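Here's the structure, in structure tokens; my notes come after.
The values are calculated or read from the model by the stated rules, or taken from the named source; none is laboratory data. These numbers come from a predicted model, not from an experiment. Here the Cβ is made from the backbone with ideal geometry for all residues, glycine too, and neighbour counts use every protein chain on show. The protein model used for the area step is the full one, side chains on, heavy atoms only, and it has no ligands, DNA or RNA in it. Shrake-Rupley method; radii C 1.70, N 1.55, O 1.52, S 1.80 Å.
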Amino acid sequence: MSEEKRTEIGELGEFGLIDKLSEGVKIYHDTTVKGIGDDAAVYDAGDHLVLLTSDMLLEGVHFDLSYIPLQHLGYKAVSVNVSDIAAMNGTPRQMTVSLGLSNRFSVEAVEVLYEGIRAACEAFNVDLVGGDTTTSRSGLVISVTAMGTVEKDKVAYRSGAKESEILCVTGDLGGAYVGLQVLEREKQEFLANPNMQPKLDGYPFVVGKQLRPTARMDVIHEFRALGIVPTSMIDVSDGLASEVFHLCKASGLGAALYEDKIPIDKEAYETAAEFGLDPNTCALNGGEDYELLFTITQADFEKIKNHAEIHTIGYMQAADKGKALVTRSGNTIPLTAQGWKHF
Ligand code: ADP
Ligand code: MG
């Protein structure tokens, strides 16, 4: 009997596994403009493009019910999917929600989860049009699939960046990761002493970033108003460094990133320090910020240079120049991407 080869998923990692699986996938329709490999798949609907994306949240992997209120969890499940539609420069339209529920949940609890889902539908102007409900033996599962649209001349792929274009990011980074540290610490203290009340008051911003992220549809609308079409774009779900790697790989380029230009909120900065963490590392390698990372042409710089929510953090360069981080002290070092490891 021949011995079967066994490769651990951890050896390949999440992205290595997706690459491997996608190798054998055939595309049968010429209306499929983009398959696996971007934030959303793209379908040619004639006069416009349709975007399709799916994200699953698992209890114990992506969230811990001992600290995320169900209402926030519902909101977050929608937000992370809308974020992938935004990353294509699109507008969300419809979505389905599939739930795996254990008998630990009451009808009332599921209703609270749906309050959050409905609040996000209102905030992002998206219609909940279906889904699936089933039992789960291993905790709560929430899978959302979102559909969106974008004009053909406005779609932004990961692959569109050109040399010497400007690399920009919205909002601020690292906050969600720092917020997670606060929540984990309070959970440990609660487990040690259940009579203690969690002390979250001092950290409203970072805890909010972690529990209730907001997809940056506001910025997508601003792009229209400012007459900007990003040449490439991705949402920051796995940490800035990892997303820069994705843009570089898809566009066949390298990039230079200035550490001192990476936007970090004051509360995130101070809280990171309190935990003995380097705020820059949190911004580069923390996860779940759901901001947008994108490139624009030099000609568009004037349009965004004074924008409070858009920060220029570097530029794209030839692939042979590599991916570099210019540190605060002025040294240029190779950028490394840890990303978020689920395996
Ligand atoms: P994002 O973080 O933007 O949601 P992912 O890193 O999860 O993107 O996925 C990258 C790409 O791989 C996307 O195009 C996604 O649709 C695709 N993908 C992820 N998992 C699978 C899978 N099991 N089978 C096919 N495609 C997948
Ligand atoms: Mg994404």
Worksheet item: Using all Cα-Cα distances in segment 157-215, what percent lands in each 5 angstrom bin from 0 up to the longest?
Response: 4, 16, 20, 14, 13, 9, 8, 6, 5, 4, 2, 0
Worksheet entry | Three-way shape label, the chain, alpha-carbon gyration tensor, a/c 1.5 | rounded
Fill in: ³J(HN,Hα) computed for each position of segment 293-300 - Karplus, 6.51 cos²θ - 1.76 cosθ + 1.60, integer Hz, glycine/proline x
10, 8, 10, 10, 6, 4, 5, 8
Worksheet item: Can you pull the Kirkwood radius for segment 254-294, inverse mean 1/r over Cα pairs, to one decimal in Å?
Response: 11.2
Worksheet item: Using a ≥ b ≥ c from the Cα gyration tensor of segment 82-140 (square roots of the eigenvalues), is it rounded, prolate or oblate, where a/c under 1.5 gives rounded and otherwise the larger of a/b and b/c decides, a/b for prolate?
Response: prolate
Discussion item. Give the residue list of trypsin sites (Lys or Arg not before Pro) in segment 202-253 that are DSSP loop and have at most 10 other beta-carbon atoms within 10 angstrom.
Written reply: none
Fill in: Sorted peptide list for 323-336, 13-26, 118-131, criterion being average Cβ within 10 angstrom, highest first
118-131, 323-336, 13-26
Worksheet item: Order of 304-313, 230-239 by packing, highest average Cβ count within 10 Å first?
Response: 230-239, 304-313
Worksheet item: According to a simple spin-label model (label point 7 Å from Cα along Cα-to-Cβ), what is the distance in nm between VAL110 and ALA318?
Response: 6.0
Worksheet item: Mind checking the dipole of segment 195-343: about its Cα centre, +1 per Lys or Arg Cβ, -1 per Asp or Glu Cβ, Debye to the nearest 20?
Response: 300
Worksheet entry | Sum of -39500 (n - 2.57) over DSSP H runs of 4+, divided by residues of the chain (222 nm, nearest 500) | -10500 deg cm²/dmol
Worksheet item: Roughly speaking, to the nearest percent, how much of segment 57-158's 1.4 Å accessible area is carbon and sulfur?
Response: 48
Worksheet item: Between rounded, prolate and oblate, where does segment 129-198 land on the alpha carbon gyration tensor, with a ≥ b ≥ c its root eigenvalues, rounded for a/c under 1.5, else prolate if a/b exceeds b/c?
Response: oblate
Item to complete: Find the accessible area per residue for segment 144-191; the probe is 1.4 Å, ligands and nucleic acids are left out, and the unit is Å².
Response: 36
Discussion item. In the chain, if the dipole is taken from +1 on Lys/Arg beta carbons and -1 on Asp/Glu beta carbons about the Cα centre, which of PHE275, LEU12, MET95 is farthest to the positive end?
Written reply: LEU12
Worksheet item: Between their Cα atoms, which of LYS76/LYS303; LYS261/LYS303; LYS187/LYS266; LYS152/LYS209; LYS162/LYS249 are more than 22 Å away from each other?
Response: LYS76/LYS303; LYS187/LYS266; LYS152/LYS209
